[in-house]
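Notes to accompany the following structure.
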Amino acid sequence: MEHADIDSSVGPQSAPATPYDTVIIANGFFGYAAEIAAHLEAHGRHVARFEDRPSVDTFTKTVIRINPELMAARSERFFEGIGATLAAHPIRDVLIIRAEAVSIATIRMLRKRLPKARFTLYYWDSYRNLPPTAPAKVDLVDRAFSFDLEDTSRDARLTYRPLFYLPQYRDIGDAAAQHDIDLLFVGTLHSDRSQVLRRLLSDLPAALSARLVLFVRSRLAYEVQRLASPTLRTFPRSNFIFKAIGASEVASLMQRSRVILDIERAIQTGYTIRTFEVLAAGRKLITTNARVREADFFNPGNVAVIDRHRPRVDPDFWSAPYERPRPDILERYSLAAWLDEVMPGYQS
């Protein structure tokens, strides 16, 4: 059974053979929302999934990020179409993730259209990287979660729930025959990542190899960033990709790697999803997020914390053996455990 991605722009559609009972509104980028939908479908739910913005083209995403009000009318029409499409379905759950272009008015409209649904909001970004209306949306839903440690400590309405890993990352270490990559970084090029990478690579022992996979949303964006950043021009063009790679390809690269690098946005305190993928994969982690020392999975033999301005890794970290985490810790950060907490009772 596959979930449906509905084109709401055409207005209400005829009901499918099995009515939808679950709605996911989330950015489909990198496939995480699709994986959540697939897990719910595997446990008996019938999922309709929508993007959290009226279009995924670069222009629309940029405008929404800079000034959501400029896209407000278009966004409202988009979500009105979703509400009209779903009104005839017995919707039990609406899961909204990040909600960058989902306005307060949109949530109220959906609640009116879907009066029997339980509404859940999950922020996998910090308030500091979201529109200023983000805190106001919390009072409009039944349950609200965030991955950000600072946000949940300051806003008692939010429940702290870290991110998760997908099943394909679990235990790939057991299948690794040979590691030909000492340090791997796979991620979107944003904020100060190129500077942190350059600083760390300059401190990397000469005998160690590094593989960088830097995603840029378009070739034009790459050329603009390259002109503006002298640091970026020091990286070979072969390090850059313009089409996001999927979880299976990332997992394959991890299988070949000894250590994975994670560089979080400096304005967030939550652990990135890469953190948990590395945990599941049984690989060592180097991260710029000092708050990881507070996590139940933290082991200084497995996780090295670096200063993003002066990154340095203890030479012993590279040679020390990996210590496998307890099974209960691995299970806590699985997608299944994440859904058990964010959408309790979804299997009933």
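Some points to look at:
- Scanning the range 62-89 for residues that are outside any helix (DSSP H, G or I) and either at pLDDT below 90 or buried (at least 16 other Cβ atoms within 10 Å of the Cβ) (or both) gives Asn67, His89.
- Residue in the range 307-327 that is in contact with a strand residue (DSSP E or B) (Cβ under 6 Å, 6 or more places away or on another chain), in contact (Cβ under 8 Å) with a residue 60 or more places away in the chain and assigned to a helix (DSSP H, G or I) present: no
- Some residue of the range 139-149 being assigned by TED's automatic domain parsing to the domain that holds Tyr20, in contact (Cβ under 8 Å) with a residue 40 or more places away in the chain, more than 29 Å from Arg283 (Cα to Cα) and out of contact with any Leu (no Cβ under 6 Å at 6 or more places or on another chain): yes
- Qualifying residues in the range 141-188 (those that are hydrophobic (A, V, I, L, M, F, W, C) and at pLDDT below 90) - the one farthest from the chain's Cα centre (by Cα): Ala177
- Some residue of the range 207-220 being over 17 Å from Asp182 (Cβ atoms), modelled with pLDDT under 95, in the same structural domain as Arg193 (by TED's automatic domain parsing) and out of contact with any Ser or Thr (no Cβ under 9 Å at 6 or more places or on another chain): yes
Yes or no, residue by residue, for (1) over 22 Å from Leu166 (Cα atoms); (2) surrounded by fewer than 19 Cβ atoms within 10 Å (Cβ to Cβ); (3) out of contact with any Cys (no Cβ under 7 Å at 6 or more places or on another chain):
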| position | (1), (2), (3) |
| --- | --- |
| Leu204 | yes, yes, yes |
| Ser218 | yes, yes, yes |
| Leu227 | yes, yes, yes |
| Thr234 | yes, yes, yes |
| Ile241 | yes, yes, yes |
| Glu249 | no, yes, yes |
| Glu264 | no, no, yes |
| Ile267 | yes, yes, yes |
| Thr272 | no, no, yes |
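The values are calculated or read from the model by the stated rules, or taken from the named source; none is laboratory data. All values derive from a computational prediction rather than experimental measurement. When we count neighbours, we look across all protein chains shown, and the Cβ atoms used for this are built from the backbone with ideal geometry, even at glycine.
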